[in-house]
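S.K.: Handing you a structure now.
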Amino acid sequence: MPIQKACFLPDGTQAIAAGRRKFFYCLDLVKATVDKSGPLTGREEKSLEVFEVSPDSNTIAFVGNEGYILLVSTKTKDLIGTLKMNGTARSLAFANDGQHLLSSGGDGHVYHWDLRTRACFHNAIDEGCLTGTSLCTNPSGSLFASGSDSGIVNIYNREEFLGGKRKPIKTIDNLTTKVDFMKFNNDAQILAICSTMKKNSLKLIHVPSFTVFSNWPPPNRNLHYPRCLDFIPGGGFMALGDAAGKVGLYKLHHYQHA
């Protein structure tokens, strides 16, 4: 199975890998075993490639068909609940230590779900968005970023958004193709945004000033087609994977002691 996404649970006990199949794999890092899970009971999804793991390591949320979001227990690997959007589901992000889930997709809205009650407690349009393609929250959950198929990224204060303020605190328009991936680093000083459809289509935003770093990508450095990225916990290095199967490791000099 070609793996489209893989990630560790935050508690470090397991790694989850999935692709364009009805099943996914769980690598138990304590027992050194690999288990195949799925298809999920009562579901007909042919792909489980889009998913997020909750910060408390209890839940995996998969994007399903026809606006459904599938909630799976990390302990039993069973389907424990579903959520239903009005439009198609495209992207997910957790907040509040896993109690809340954000979702976006085909109707251009951002949904907030309370996973304790499995209810949507807020649903509002993402300004200027026709189709939401990417979501991420900062570690504290105070900010979230929403990317669209037009390449626009809106950054919101989450408390203000839930309170009725629809205007983003910053709109980033430096990408010209669909936003596929976004990531805050651990101290939320940097937001990375990328599109997989265009070479060198990756930008780093300095969050306190909401400005794009002008020296990234580095001069004369070909990033190929970016596919995924992550920051080390200390923030001093960023790993970037591309469509050629290479991973580049970059030093962020702002973090001298990382």
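S.K.: How large are Rg and Dmax for region 129-182 when only the alpha carbon atoms are used, in Å?
M.R.: Final numbers for Rg and Dmax: 10.8, 31 Å.
S.K.: From the phi angles alone, apply the Karplus equation (6.51, -1.76, 1.60; θ = phi - 60°) to region 234-250 and give each ³J(HN,Hα) in whole Hz, x where the residue is Gly or Pro.
M.R.: Those phi angles translate into x, x, x, 10, 10, 9, 10, x, 10, 5, 8, x, 9, 10, x, 10, 10 Hz.
S.K.: Can you sort ASP242, ASP126, ASP56, ASP28 so the residue with the fewest Cβ neighbours within 10 Å comes first?
M.R.: Ordered by Cβ neighbours within 10 Å, fewest first: ASP28, ASP56, ASP242, ASP126.
S.K.: When the chain is modelled as a GNM with alpha-carbon springs shorter than 10 Å, which of LYS183, LYS170, LYS36 fluctuates the most?
M.R.: Among LYS183, LYS170, LYS36, the largest mean-square fluctuation in the Gaussian network model of the chain belongs to LYS36.
S.K.: I would also like to ask the following. Over the Cα atoms of region 1-84, each weighted equally, I'd like the Debye log10 I(q)/I(0) at q = 0.18, 0.22 Å⁻¹, rounded to two decimals.
M.R.: For region 1-84, the Cα-only Debye profile gives -0.68, -1.04.
S.K.: Further, regarding this structure: So what does log10 I(q)/I(0) come out to for the chain at q = 0.07, 0.13 Å⁻¹, using the Debye formula with one equal point on every Cα and no solvent?
M.R.: Debye intensities relative to I(0), on a log10 scale: -0.23, -0.84.
S.K.: By a straight-distance test (C-alpha under 25 Å), which lysines pair with LYS246 as possible cross-link partners, with residues fewer than eight away in the same chain excluded?
M.R.: Here the lysines satisfying the reach criterion relative to LYS246 are LYS5, LYS178, LYS183, LYS198, LYS199, LYS203.
S.K.: In whole Å, what three semi-axes, largest first, describe the equivalent ellipsoid of region 87-213 built from its Cα gyration tensor (square root of 5 times each eigenvalue)?
M.R.: 22, 16, 13
S.K.: Could I ask something else about it? Compute the relative contact order of the chain as a whole-number percentage, counting only Cα pairs closer than 8 Å that sit 6 or more residues apart in sequence.
M.R.: The normalised contact order for the chain reaches 8 percent.
S.K.: Find the centroid of the Cα atoms in region 1-73 and in region 125-150, then give the distance between the two in whole Å.
M.R.: 22
S.K.: Principal axes first, then extents: for the Cα atoms of region 49-97, list largest minus smallest coordinate on each axis, whole Å, largest first.
M.R.: 28, 22, 18
S.K.: Please report, in debye to the nearest 20, how large the charge dipole of region 146-197 is about its Cα centre when each Lys and Arg carries +1 at its beta carbon and each Asp and Glu carries -1 there.
M.R.: Numbers: 7 positive and 6 negative charges, 32 e Å.
That gives a dipole near 160 debye.
S.K.: Across region 68-81, in residue order, what do the Karplus-derived ³J(HN,Hα) couplings come to in whole Hz, using 6.51 cos²θ - 1.76 cosθ + 1.60 with θ = phi - 60° and x for Gly and Pro?
M.R.: Using θ = phi - 60°, the values come out as 7, 10, 9, 9, 10, 6, 6, 7, 9, 6, 9, 6, 10, x Hz.
Rule-based calculations on the coordinates, nothing more; no lab input. It should be emphasised that the depicted structure is a prediction, and the values quoted were computed from it without experimental measurement. Note: ideal-geometry Cβ built from the backbone for every residue, glycine included; neighbour counts use all protein chains shown.
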